[in-house]
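Student: Okay, handing you the structure first.
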Amino acid sequence: LHNIKPSEIAILLSNCFENAIKAVLKENTKKEIEFKFINKNDHVVMQMKNHHNGSILLDNNNLPTSNVKDHGIGSKSIKAFTDKYKLTLDYEITDCLFVISVIFS
């Protein structure tokens, strides 16, 4: 984490929270967002979980996307951030739960 600008981490967090907030606002029951940093095996993992209404679209690279004009930019920004710093980006998507993990090594 030492070589990453705090402003870039703020943008990462902002994109993750914005996507999670948009998803839970569409939810009828579970309007919760779980966010944590985990120190695991000499790595720091940033993880965010939220419920969703089951309509997450994935692009050709298996990244969350949208077919609404000017949406999906946050996911592309998150991917660009992880590529820039050679971090691991992982998504777990079930029928009702969305989990994004960024592994800082």
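Student: In the structure displayed, which of LYS36/LYS86; LYS22/LYS49; LYS5/LYS79; LYS26/LYS49 lie more than 19 Å apart, Cα to Cα? Walk me through the intermediate numbers first.
Tutor: Values: LYS36/LYS86 21 Å; LYS22/LYS49 13 Å; LYS5/LYS79 16 Å; LYS26/LYS49 15 Å.
From LYS36/LYS86; LYS22/LYS49; LYS5/LYS79; LYS26/LYS49, over 19 Å: LYS36/LYS86.
Student: A follow-up question, please. Which value, in Å² rounded to 10, gives the accessible area of ASP42 with a 1.4 Å probe and all protein chains present?
Tutor: 150 Å²
Student: Let me ask something else. So how exposed is ASP59, as accessible area in Å² (1.4 Å probe, rounded to 10)?
Tutor: 50 Å²
Student: Could you pull the accessible area for GLU32 with a 1.4 Å probe, rounded to 10 Å²?
Tutor: For GLU32, solvent-accessible area is about 110 Å².
Student: How long is the range 20-93 along each principal axis, judged by its Cα atoms, biggest number first, in Å?
Tutor: In descending order, the Cα extents are 38, 28, 16 Å.
The values are calculated or read from the model by the stated rules, or taken from the named source; none is laboratory data. Not measured: the values here are computed from a predicted model. Ligands, DNA and RNA are excluded from the accessible area calculation, which covers all protein heavy atoms including side chains. Shrake-Rupley method; radii C 1.70, N 1.55, O 1.52, S 1.80 Å.
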